[in-house]
1. Tally up the residues in the stretch 23-43 that are more than 13 Å from Cys62 (Cβ to Cβ) and not acidic (Asp, Glu), please.
2. Which of the residues that make up the stretch 1-18 are of a type outside the set (Lys, Arg) and either surrounded by fewer than 19 Cβ atoms within 10 Å (Cβ to Cβ) or in contact with a Cys (Cβ under 8 Å, 6 or more places away or on another chain) (or both)?
3. Being part of a helix (DSSP H, G or I), in contact with a helix residue (DSSP H, G or I) (Cβ under 8 Å, 6 or more places away or on another chain) and open to solvent by 90 Å² or more (accessible area, probe 1.4 Å) is the filter here; which residues of the stretch 238-253 pass it?
4. Residues of the stretch 75-104 being free of Cβ contacts under 8 Å to residues at least 60 places away in the same chain and within 10 Å of the ligand (Cβ to nearest atom), which ones?
5. Test Gly216 against the criterion of being touching a helix residue (DSSP H, G or I) at 6+ places or on another chain (Cβ under 8 Å), surrounded by fewer than 18 Cβ atoms within 10 Å (Cβ to Cβ), modelled with pLDDT of 95 or more and more than 21 Å from Ala123 (Cβ to Cβ), and give yes or no.
6. Does Asn25 satisfy the criteria of being assigned by the TED database to the domain that holds Lys79, in contact with a Ser or Thr (Cβ under 9 Å, 6 or more places away or on another chain), touching a residue at least 60 places away in the same chain (Cβ under 8 Å) and not aromatic (Phe, Trp, Tyr)?
7. Can you pull out the residues in the stretch 19-52 that are touching a Gly at 6+ places or on another chain (Cβ under 6 Å) and open to solvent by less than 10 Å² (accessible area, probe 1.4 Å)?
Amino acid sequence: MAYETIKVERGQVGIITFNRPQALNALNTQMARELVAALEELELDDGVFAAVLTAEGDRAFCVGADLKERKNMTRAEMKKQRELFVRAFEAVVNFPKPLVAAVNGYALGGGCEFALGCDFIVASEKATFGLPEVGLAIIPGGGGTQLLPRIIGRARAKELIFTGRRIPAAEAYRLGLVNYVVPPEELMTRTMAIMQEIVQNGPIALQQAKRAINLGLELDLHTAFALEAQCYNVCLATEDRDEGLRAFNEKRKPVYRNR
Ligand SMILES: C/C=C/C(=O)SCCNC(=O)CCNC(=O)[C@H](O)C(C)(C)COP(=O)(O)OP(=O)(O)OC[C@H]1O[C@@H](n2cnc3c(N)ncnc32)[C@H](O)[C@@H]1OP(=O)(O)O
């Protein structure tokens, strides 16, 4: 598929890059549609073991919904766009392979929610995070009211959502919202180094570990243990698992084939 508002790079580490820097990578209808298609493409590509979500430009990762596009929309068009936006946010949260956000600048509103929906965040020192929706008399509609409390705790999530405050990367790190804060020029280098650590591992195991963690957090412990056993058994039945054992005993690096 040809994309206009994003760039897609394939390989063991797939990379999706928001590509509307002239609009601070604001999320318009076309970008939401293309993001859904790109995530599906990387999901179905067995050669992709993990992916990165990042953005062009040095000012913004994504400043949320395109408020200029939204200004001229009818309520019916808004409703239609909302359905598409929800699909885009769900596509990020439900992406079955490890998905890491490399945040280069403003991650606001829906842009912040895209980052929250990834498995973890590597932030540039220049990155800024915020859910300013209540300032527009709406609420975060891309999962922010659910993801943020699960990541930084209920009280701090309430303060950030009620105030609509923007926070710098250093504070996001202190709150546990991001895993790393790096100089802007090192953002992709550091992110790709972490991705290389991830993709040297069994791709099916990576997907099953993500599934066990994500679903398990919403279950009681007893049921969660049963889920973990189910995910473990999926790995047991794979050629990669046999390759892992062979490689260890032959004292060589395994070559995993996602099967
Ligand atoms: C489901 C999802 C819902 C949502 O995401 S709701 C929307 C949530 N997002 C926001 O509320 C962010 C709104 N934008 C801002 O707060 C500020 O902007 C910034 C902090 C991002 C940047 O501020 P500063 O550095 O003072 O620049 P500037 O003059 O405000 O913006 C530069 C240009 O960028 C455009 N822009 C900024 N945000 C958006 C947006 N969300 N949608 C469309 N355009 C946006 C402006 O309009 C302007 O453009 P021009 O130079 O033509 O005047």
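The values are calculated or read from the model by the stated rules, or taken from the named source; none is laboratory data. Only a predicted model underlies this, so the values are computations on that prediction, with no experimental measurement involved. Quick reminder, even Gly has a Cβ in these numbers, built from the backbone with ideal geometry, and neighbours come from all protein chains shown. When the accessible area is computed, the model is the full protein with side chains, heavy atoms only, and any ligands, DNA or RNA have been set aside. Shrake-Rupley method; radii C 1.70, N 1.55, O 1.52, S 1.80 Å.
1. So the answer is 8.
2. Across the stretch 1-18, the qualifying residues are Met1, Ala2, Tyr3, Glu4, Glu9, Gly11, Gln12, Phe18.
3. Taking the stretch 238-253 as the starting set, the residues that turn out to be part of a helix (DSSP H, G or I) are 239-249.
Still in the running and in contact with a helix residue (DSSP H, G or I) (Cβ under 8 Å, 6 or more places away or on another chain): 240-241.
Arg241, the sole residue that qualifies.
4. Across the stretch 75-104, the qualifying residues are Gln81, Arg82, Phe85, Val86, Phe89.
5. The answer is yes for Gly216.
6. yes
7. Going residue by residue through the stretch 19-52, those that are touching a Gly at 6+ places or on another chain (Cβ under 6 Å) are 21, 27, 42, 48, 51.
Once the filter is applied, which keeps residues that are touching a Gly at 6+ places or on another chain (Cβ under 6 Å) and open to solvent by less than 10 Å² (accessible area, probe 1.4 Å), the stretch 19-52 yields Leu27, Leu42, Val48, Ala51.
Conditions tested, residue by residue: (1) within 16 Å of the ligand (Cβ to nearest atom); (2) open to solvent by 90 Å² or more (accessible area, probe 1.4 Å).
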{"site": "Ile139", "(1), (2)": "yes, yes"}
{"site": "Gly143", "(1), (2)": "yes, no"}
{"site": "Pro183", "(1), (2)": "no, no"}
{"site": "Ala209", "(1), (2)": "no, no"}
{"site": "His222", "(1), (2)": "no, yes"}
{"site": "Leu227", "(1), (2)": "no, no"}
{"site": "Leu236", "(1), (2)": "no, no"}
